[in-house]
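Encoded as structure tokens, the structure appears first; notes follow it.
The values are calculated or read from the model by the stated rules, or taken from the named source; none is laboratory data. Only a predicted model underlies this, so the values are computations on that prediction, with no experimental measurement involved. Every residue, glycine as well, gets a Cβ built from its backbone with ideal geometry; the counts of neighbours run over all protein chains shown.
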Amino acid sequence: MIRMVADDLYQIGECVDGRHGHEAVRFYVLTNDGRPILIDCGSQLFRSESMKQLDQVLEGSTPEFVFLTHSELPHSGNLESIARNWPHIHVMVSSILIRHIEIAPVLPLEQIVAASPGTTLQIAGRELNFLDALLKDQPGSQWIYDPKTGTLFTGDGFGYYHPAEVCEQFSDEVEGGILEQWFTTYHRDAFRFLRWVNPKKLNDVLDELYQRRDVKTIAPIHGNAIRGDILEHVDRLKRAITAICMQHRKEGINLR
Amino acid sequence: MSVKVFGDGVSRVGVREITSGIFWITHCLGDHAKDHYSDYFGLLSNAEDYVSNRIVDYPFSAFLILDEKSLLIDTGAPAQRANTLAALDTLLGSHALDYLWISHIELPHAGNAVAIQRKYPGAELITVGGGDDSYYALHGLEDAMLVSVGDIIKLGKHSIEMVDPLFLDHGNSQWLYERTTGFLFTADWGHNLHEPSRNQCFQFVDEMENSGYTDELFVDDVAVNAWYQFPWLAWTDPDEIAAGVDRLFKQYDVRIFAPSHGNLIRKDVGRYAALLKEGTRKAVEMPHRFAV
């Protein structure tokens, strides 16, 4: 599935079906005036379809960078195909990620570039901000903010399980938007460290992020882009985090 | 110290017997560590408190239990694939690999699962339950035997028990305890660092003490690694975290402490349990500044 999110931002990818409903596995492309940038590169499960869709979006242009929010297979599963098609491409990862270990050795190490959290860089002529991922399932996770489109790429954060009938819909096309419960079930599975967490402390940092950045679109990998009503969706995620943490407290954080 | 080393640099793998029938299969960079980790402490706001002018190195480990049935704990990363397979071949000889147990799906832990299964097609893949079919398909772990905390698999004299992973990054993770030897595998928690220039590669922690490694350095290393590995500690209560460590060592009679990314502890585990608690608590209390 290819969908234009906003301006020069496109979303690609498929869904898988599980016990909590559908889970999206997306990646994004900024066409960027003929100097495309990919954010993640999709799952190997959908390699053939995803590579075709990527070709369609690129319209013959050569991607210059893949930013990996992190390096698990659902996010980097097509890196080998991308390296084969565009051998001069560079991969940009968090400086916390250990490049010779945590990235499949499909490109020379010199083409794996590290960005430190908190830095602003001009990449392929575009200013981008590299941030700490606040919800990490791998230490070398990063979130990326694109000031031009106001998009925050959040990796696994803001993922959600959804019913089959809204697979292709952005939040503003779903009646009522993305439900708190959809965030809750996903984040409970993905971030089991929440058993230890005081939700207020985490939610305060989320607030700081959204106060500082003019976010118009949230682009999760395991959900469709969230467009509009951003602060309402942030509030829903915060309530979901609080509910998960409280449930863990109720069940006890002792060894199980 | 008897270590068989395969390869060099980013592909190097060393093999050392830990106790009868349990082997450490580990990658670290040795003389090349300075090229990769010279700025390891770079994100810390008070790095000088921890660096001590050390050029550190960082292991990535798998473990093999050889018994009537054999079991491999994690797989190592793709960059070390050829030498990991060579090490396995040497250790197994004519024996089959019966089980391949995966703690979680990151590349340093599961990145050679397909290659190992290709070489040892009879090896049964084991991983943590709780996901659904699509989850395992997405992560390349289709058809795995799924296990839960408390489940036991008998290998002969050895038997492994699945352990609740107290400190984790990836949502679907598990730790492991071997009941006969008291071997506790804790994946990403409880790491120290070592110095190649002091010949500390492949050493056990008690051996590192002979080349100047101290309790103070151990606590700092555990703290710094936890700070990097589990940034969510910033939002926790240090007393609860410390109590969790106490409960772990109360519940399991740990005689060998084996993290994925540190040197192994096989002596004075009780003393080191206290240091692990102190280091993890310290990680909670270290300054955390999130770049948002």
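Can you find a residue in region A:140-154 that is out of contact with any strand residue (DSSP E or B) (no Cβ under 6 Å at 6 or more places or on another chain), farther than 23 Å from A:Ile2 by Cβ and buried (at least 24 other Cβ atoms within 10 Å of the Cβ)? Checking region A:140-154: at least one residue is out of contact with any strand residue (DSSP E or B) (no Cβ under 6 Å at 6 or more places or on another chain), farther than 23 Å from A:Ile2 by Cβ and buried (at least 24 other Cβ atoms within 10 Å of the Cβ). Across region B:216-267, the number of residues qualifying as of a type in the set (S, T, N, Q), within 14 Å of chain A (Cβ to nearest Cβ) and crowded, with 17+ Cβ neighbours inside 10 Å comes to 4.
Here the condition is being assigned to a loop (DSSP other than H, G, I, E, B) and over 30 Å from B:Asn225 (Cα atoms); of A:Ser61, A:Ser71, A:Ser50, A:Ser81, it holds for A:Ser61 alone.
The residues listed here are B:Pro78, B:Pro59, B:Pro108; of these, the one that is farther than 27 Å from B:Val219 by Cα and within 13 Å of another protein chain (Cβ to nearest Cβ) is B:Pro78. Looking only at region B:105-140, residues that are outside any helix (DSSP H, G or I) and either under 22 Å from A:Arg26 (Cβ atoms) or charged (D, E, K, R) (or both) come to 7 in all. Residue count for region A:19-45, restricted to those that are under 16 Å from A:Ser76 (Cβ atoms), in contact with a strand residue (DSSP E or B) (Cβ under 9 Å, 6 or more places away or on another chain) and either within 11 Å of another protein chain (Cβ to nearest Cβ) or not in a strand (DSSP E or B) (or both): 6. Filter region A:231-256 for residues that are touching a Phe, Trp or Tyr at 6+ places or on another chain (Cβ under 7 Å) and assigned to a helix (DSSP H, G or I) and give the result. A:Leu231, A:Val234, A:Arg236, A:Leu237, A:Ala240, listed by residue number. With respect to B:Leu72, determine if the residue is over 30 Å from B:Asn199 (Cα atoms), more than 11 Å from chain A (Cβ to nearest Cβ) and of a type in the set (A, V, I, L, M, F, W, C). Considered against the rule, which asks whether it is over 30 Å from B:Asn199 (Cα atoms), more than 11 Å from chain A (Cβ to nearest Cβ) and of a type in the set (A, V, I, L, M, F, W, C), B:Leu72 comes out as no.
Residues of region B:168-215 that are within 14 Å of another protein chain (Cβ to nearest Cβ) and without any contact (Cβ under 8 Å) to a residue 40 or more places away in the chain: B:Gly171 alone. The requirement of being touching a residue at least 24 places away in the same chain (Cβ under 8 Å), buried (at least 23 other Cβ atoms within 10 Å of the Cβ) and out of contact with any His (no Cβ under 9 Å at 6 or more places or on another chain) is satisfied by B:Ala87. Of all residues in region B:277-292, those that are under 10 Å from B:Pro231 (Cα atoms) have Cβ atoms under 7 Å from Cβ atoms of residues that are β-branched (Val, Ile, Thr), 6 or more apart or on another chain, in B:Val284/B:Thr236; B:Val284/B:Ile241; B:Phe290/A:Val205. Scanning region A:21-53 for residues that are in contact (Cβ under 8 Å) with a residue 40 or more places away in the chain, on the phi > 0 side of the Ramachandran plot and surrounded by fewer than 24 Cβ atoms within 10 Å (Cβ to Cβ) turns up A:Gly21, A:Asn32, A:Asp33. When A:Met4 is tested against (1) farther than 18 Å from A:Phe170 by Cα; (2) in contact with a strand residue (DSSP E or B) (Cβ under 6 Å, 6 or more places away or on another chain); (3) free of Cβ contacts under 8 Å to residues at least 12 places away in the same chain, just one condition goes unmet, and that condition is (1). With respect to the conditions (1) part of a loop (DSSP other than H, G, I, E, B); (2) under 14 Å from B:Asn172 (Cα atoms); (3) more than 14 Å from every other protein chain (Cβ to nearest Cβ), B:Asp143 lacks only one, and its number is (2). Listed by position, the strands (runs of 3 or more DSSP E) enclosed by region A:90-188 that each have at least 2 residues that are of a type outside the set (A, V, I, L, M, F, W, C) and away from chain B (no Cβ under 12 Å) are A:126-132. Among the residues of region B:21-55, those that are part of a loop (DSSP other than H, G, I, E, B) and modelled with pLDDT of 95 or more comprise B:Gly21, B:Cys28, B:Leu29. Scanning region B:155-165 for residues that are more than 7 Å from every other protein chain (Cβ to nearest Cβ) and in a loop (DSSP other than H, G, I, E, B), we see that the one that is nearest to A:Trp196 (Cα to Cα) is B:Pro165.
Taking into account only those residues within region A:54-71 that are free of Cβ contacts under 8 Å to residues at least 60 places away in the same chain and more than 14 Å from A:Tyr28 (Cβ to Cβ), which is surrounded by the fewest Cβ atoms within 10 Å (Cβ to Cβ)? For region A:54-71, the residue satisfying everything is A:Gly60.
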